[in-house]
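Undergrad: Take this structure, written in structure tokens, and hold onto it; I'll ask about it next.
Only the coordinates and a few stated rules stand behind these numbers; no lab work does. Given the structure is predicted, the values throughout are model-derived calculations rather than measurements. Neighbour counts are summed over all protein chains in view; Cβ atoms, including those assigned to glycine, are modelled from backbone coordinates with ideal geometry.
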Amino acid sequence: MAQVYDCIIVGCGPAGLSAALNLKIRNKSFIILGTKDCSQWLAKAERVDNYLGFPAISGSELRDRFFDHIHQQGIEQMDARVSAIYGGEGTFSLMAGRDTYQSRTVIVATGVHVERLLPGENELLGRGVSYCATCDGPLYKGKKVALIDYTQGEAWDEALFLSELAAKVYYLSATGQNEAKAFTPSTNPKNMEFPLGKVLALKGNESIASLQTDDQEIPIDGVFILRETMKAENLLPGLETRDGAIIVDAHMRTNMPGVFAGGDCTGKPYQLAKAVGQGAIAALSAVSFLDEQQRTPAKGL
């Protein structure tokens, strides 16, 4: 039987790591799920001047200090990109590639979503457009699908999963190049093709019919778009947002019991101090929620 954690943190930037540290101190069981390039924006910062106690430090050095701190506490981040979160009877299920993780609470710390949606993406969402291959892939058994990879190859395992179900899989990279052939030259399934060209738009009326690249139009029955970060409302259906930011109260509680959020995903200002503080508050609120659930067992979410 799969382990049910007290909490799962989605995202390993400053907010997620701060949440993890506080959960560790409070002796809660948890895991951090995030991509290998944790907090890439911080790592690229040439100089940080406004983080208390660390004047004129580079972003990469500050990130290394964050990681050193949590590693000293025995905390490790799992390299996994969460594509969907579902609520159930007292637990949440999180989909990451072919794996499913369960927890009693969730802290969303995914950072800010910066990638633009493709033309037609929002209009066709749920009508052939999906963000989770392992969730919706079985719906396209024997059909033609496309996977658009914005993750620099981290979505390859999900592409392989689709190839086991679909009659044809078109694997397209956000760069318009065929990186997949470079890192998996001997394992490319026979029913998978690697069109060149960037995807410009998704087309269809009642449901998706094709995708348009800069040099061809490809007929498809479904498309899976896998990005480093997802819009919060697509990651967790029912989560309330405003202008793309998760709505939270002063305790980092969302509109969904057991779900908390912190960091850039809650909106401006995008500041390190804010992210670290909100991560800590989210963790302490999750602890309070768990303690209350133990005193009064929940009948459901």
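Undergrad: Quick check on the exposure proxy: order Ser207, Ser18, Ser58 from fewest to most C-beta atoms within 10 angstrom.
TA: In order of increasing Cβ crowding within 10 Å: Ser207, Ser58, Ser18.
Undergrad: Give the longest segment of the chain that steers clear of GluC sites (Glu not before Pro) in DSSP loops with at most 15 neighbouring Cβ atoms within 10 Å, not counting the sites themselves.
TA: Formally, the longest exposed-site-free interval is 241-301.
Undergrad: Pull the list of the chain cysteines that no other Cys approaches to under 4.7 Å, Cβ to Cβ.
TA: Cys7, Cys265 - these cysteines have no disulfide-compatible partner (Cβ-Cβ under 4.7 Å) in the chain.
Undergrad: Return the Cα extents of the chain along principal axes one, two and three, sorted largest first, each rounded to a whole Å.
TA: Each principal axis gives a Cα extent; for the chain these are 53, 50, 37 Å.
Undergrad: How far is helix 59-72 tilted, in degrees, relative to the longest principal axis of the Cα atoms in the chain, given as a value from 0 to 90 rounded to the nearest 10?
TA: 70 degrees
Undergrad: In whole percent, what relative contact order does the stretch 129-226 give with Cα contacts below 8 Å and a gap of six or more residues?
TA: Taking the mean separation of contacting Cα pairs over the length of the stretch 129-226, I get 35 percent.
Undergrad: With a cut-off of 8 Å between alpha carbons and a minimum separation of six or more residues, what is the relative contact order of the chain in percent?
TA: Relative contact order for the chain comes out at 22 percent.
Undergrad: Compute the angle between helix 272-295 and the longest alpha-carbon principal axis of the chain, please, reported from 0 to 90 degrees and rounded to the nearest 10.
TA: That works out to roughly 80 degrees.
Undergrad: Separate question: Count the DSSP beta bridges whose two residues both fall in the chain, then state the antiparallel fraction as a percent rounded to the nearest 5.
TA: In the chain, approximately 40 percent of DSSP beta bridges are antiparallel ones.
Undergrad: For the stretch 1-160, take the alpha-carbon Rg, divide it by the Kirkwood Rh, and send me Rg/Rh.
TA: Radius of gyration over Kirkwood radius for the stretch 1-160 works out to 1.01.
Undergrad: Can you compute the modelled spin-label distance between Ser207 and Asp49, with each label point 7 Å from Cα toward Cβ, in nm?
TA: 5.7 nm
Undergrad: Set the bar at 19 Å for Cα to Cα. Now go through Lys231/Lys268; Lys168/Lys190; Lys141/Lys190; Lys143/Lys203; Lys143/Lys198; Lys36/Lys144 and name every pair that lies beyond it.
TA: From the list (Lys231/Lys268; Lys168/Lys190; Lys141/Lys190; Lys143/Lys203; Lys143/Lys198; Lys36/Lys144), the Cα-Cα distance tops 19 Å for Lys143/Lys198; Lys36/Lys144.
Undergrad: If each of Lys141 and Gln102 carries a label point 7 Å out from its Cα toward its Cβ, how far apart are those two points in nm?
TA: Reported label-point gap for Lys141 and Gln102 is 2.4 nm.
Undergrad: Would you mind ranking Asp215, Asp157, Asp136 by Cβ crowding within 10 Å, fewest neighbours first?
TA: The fewest-first ordering by Cβ neighbours comes to Asp215, Asp157, Asp136.
Undergrad: Could you give the radius of gyration (one decimal) and Dmax (whole number) of the Cα atoms in the stretch 129-226, in Å?
TA: 12.1, 38
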